[in-house]
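Following: one structure in structure tokens, then a few remarks.
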Amino acid sequence: VAGRKAPVLTLERLDGGDMTFPERGRWTIVFFWSLFCHVCIEELPMLAEEVAALPRDAVQAVFVSIDTARMKKGLGNFLKKRNLDICVALDRIVASASYEAADAWGVKPTPAVFLVNREGVVTYSCEGPFDPEKLFGPLRTALKASSSCSVASDETVVVETASLTASAPVPAAGAASS
């Protein structure tokens, strides 16, 4: 997916209403995760902390849960118990073994993270555990550069494939327990 236009989707938010992402004109971090993915659970607090330090007017962060709306209560309890203030969007099942957002983004295992530039192009993607500096370092550099002058449109495209042994495959849509 890195180097290509990001799919634009509208999903239900865990806290109500709908949200569309990525937003043109803002950098967007999209993180696909599940309550049943141990690596996801380990990475969420770090991601939430890093995202909280970014300027909200310049960066949109979307945490897409493949647990779908069936798990709303469990997702809400999980976030509350861990005091995580993140924007969770709920993926939708569109066929017996298909997810709207995960399929559109080409997600196979969770976690999967993507960084989308202001023009809507994926500049970083990784499935499985990832190095936060490879995501946030270039983003902070671009944000710093854009605050003092305009950023060149030829941002570096980074594609990382992490070890998938600790990550969880995206289950068939009908297979997730509720």
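The values are calculated or read from the model by the stated rules, or taken from the named source; none is laboratory data. Computed from a predicted structure; not experimentally measured. Ideal geometry is used to build each Cβ from the backbone, glycine not excepted, and the neighbour counts take in all protein chains shown. In case anyone asks, the SASA skips ligands and DNA or RNA and just uses the protein heavy atoms, side chains included. Shrake-Rupley method; radii C 1.70, N 1.55, O 1.52, S 1.80 Å.
Carbon and sulfur together cover what percent of the accessible area of region 3-156 at a 1.4 Å probe radius?
On the way: 3740 of 7260 Å².
Solvent-exposed carbon and sulfur of region 3-156 make up 52 percent of the total.
Compute the distance from the alpha-carbon center of region 120-141 to that of region 1-79, in whole Å.
If we compute the Cα centre of each part, the gap is 14 Å.
Among 109-119, 79-89, how do they line up by average Cβ neighbours within 10 Å per residue, starting with the highest?
Put in order of decreasing packing, that is 109-119, 79-89.
Determine the gain in length on full extension of the stretch D131-K5; use 0.36 nm per residue of separation and subtract their C-alpha separation, reporting nm with one decimal. Please report the intermediate quantities before stating the final value.
Values: separation 126, 0.36 × 126 = 45.36 nm, distance 2.30 nm.
In short, 43.1 nm is gained.
Each label point is 7 Å from the Cα along the Cα-to-Cβ direction; what then is the distance between the points at T141 and R13, in nm?
3.3
Which order do you get for R70, R4 if you rank them by accessible area with a 1.4 Å probe, largest at the top?
These residues rank, largest area first, as R4, R70.
By average Cβ neighbour count within 10 Å, what is the ranking of 53-59, 25-31, 135-141 from highest down? Spell out each step's value before the answer.
Working: 53-59: 12.7, 25-31: 20.6, 135-141: 17.6.
Answer by packing, highest mean first, reads 25-31, 135-141, 53-59.
Quick check for you: with a 1.4 Å probe and neighbouring chains kept, what is the accessible area per residue of region 1-159, in Å²?
Per residue, region 1-159 has 48 Å² of solvent-accessible surface.
Assuming R0 = 22 Å, can you tell me the calculated FRET efficiency for the pair T20 and S96, based on Cβ-Cβ distance, to the nearest 0.05?
After rounding to 0.05, the efficiency reads 0.25.
Using θ = phi - 60° and the Karplus form 6.51 cos²θ - 1.76 cosθ + 1.60, what ³J(HN,Hα) does each residue of region 40-54 get, whole Hz, x for Gly and Pro?
4, 4, 5, 7, 4, x, 5, 4, 4, 5, 4, 5, 4, 7, 8
Name the residues whose placed amide hydrogens come within less than 5 Å of the amide hydrogen of C87, ignoring near sequence neighbours (fewer than 5 apart) on the same chain.
F63
Please give the length that would be gained between R82 and R56 if that part of the chain were fully extended, namely 0.36 nm times their separation in residues minus their C-alpha to C-alpha distance (nm, one decimal).
Length gained between R82 and R56: 7.2 nm.
Using θ = phi - 60° and the Karplus curve 6.51 cos²θ - 1.76 cosθ + 1.60, what whole-Hz ³J(HN,Hα) does each residue of region 5-12 get, with Gly and Pro shown as x?
Values, residue by residue: 4, 7, x, 9, 10, 10, 10, 6 Hz.
Read phi for every residue in region 123-130 and hand back ³J(HN,Hα) as whole Hz from Karplus 6.51 cos²θ - 1.76 cosθ + 1.60, θ = phi - 60°, with x for Gly and Pro.
Couplings: 9, 8, 8, 8, 10, x, x, 9 Hz.
Label 7 Å along Cα→Cβ of E49; region 109-144 residues with amide nitrogen under 15 Å?
132-133, 136
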